[in-house]
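Participant: My questions will all concern the structure given below.
Derivation of every value follows stated rules applied to the coordinates shown; laboratory data play no part. Bear in mind that the values here come from a model prediction, so they are computed numbers and not experimental data. Neighbour counts run over all protein chains shown; Cβ positions are idealised from the backbone, glycine included.
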Amino acid sequence: MGCLHVPDRYAPVNTSAPLPAPALRARLTALSALLPLLSRILAAVGGGYALAALASVAVLALPVSRPQAVIAGMLGSFVVYAGAIIWVFAVRSAARAWAGLAVAAAALLPCAWSVWQAAAPGGTP
């Protein structure tokens, strides 16, 4: 009675042993199911932030006073960021989410570019 028997299910798992084919397939299947979710999370966090920053700069191209444009850009960036996050998780696929962010960024880029060129040394105000 001095020896305690530990069932096999509680024994440490040898992680250095090669995985059998079914176990490897199961892990790859689980990983392939996670990749679209991870892509959407990256699109929501990184792509949404980039789109919000681009929108806040593009607002400066509007024909309003500079302080009013800065405040509108700052406030509007929160709406753009929230909308981008909702968009990323509402579309059917991660590829459509990235494509939607790219289209929105392409639409804002000319306005933001004109603001950046005007702010560069030697640019016109």
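Participant: In sequence order, what are the phi-derived ³J(HN,Hα) couplings for the range 87-98 according to the Karplus relation 6.51 cos²θ - 1.76 cosθ + 1.60 with θ = phi - 60°, rounded to whole Hz, with x for glycine and proline?
Facilitator: Going residue by residue, I get 4, 4, 8, 8, 6, 5, 9, 5, 5, 5, 5, 5 Hz, with x marking Gly and Pro.
Participant: Put a dot 7 Å past each Cα toward the Cβ at Ser93 and Leu38; how far apart are the dots in nm?
Facilitator: 2.0 nm
Participant: Mind jotting down the distance between the C-alpha centroids of the range 27-59 and the range 89-111, whole Å?
Facilitator: Cα centroid of the range 89-111 versus Cα centroid of the range 27-59: 10 Å apart.
Participant: Could you compute the net charge surrounding Phe89? Neighbours are other residues with a C-beta less than 12 Å from the C-beta of Phe89; K and R count +1, D and E count -1.
Facilitator: Neighbour charge sum, excluding Phe89 itself: +3.
Participant: If you don't mind, there's one more thing I want to ask. Which Rg and Dmax, in Å, describe the Cα atoms of the range 39-119?
Facilitator: Expressed in Å, the Cα Rg and Dmax of the range 39-119 come to 13.1, 41.
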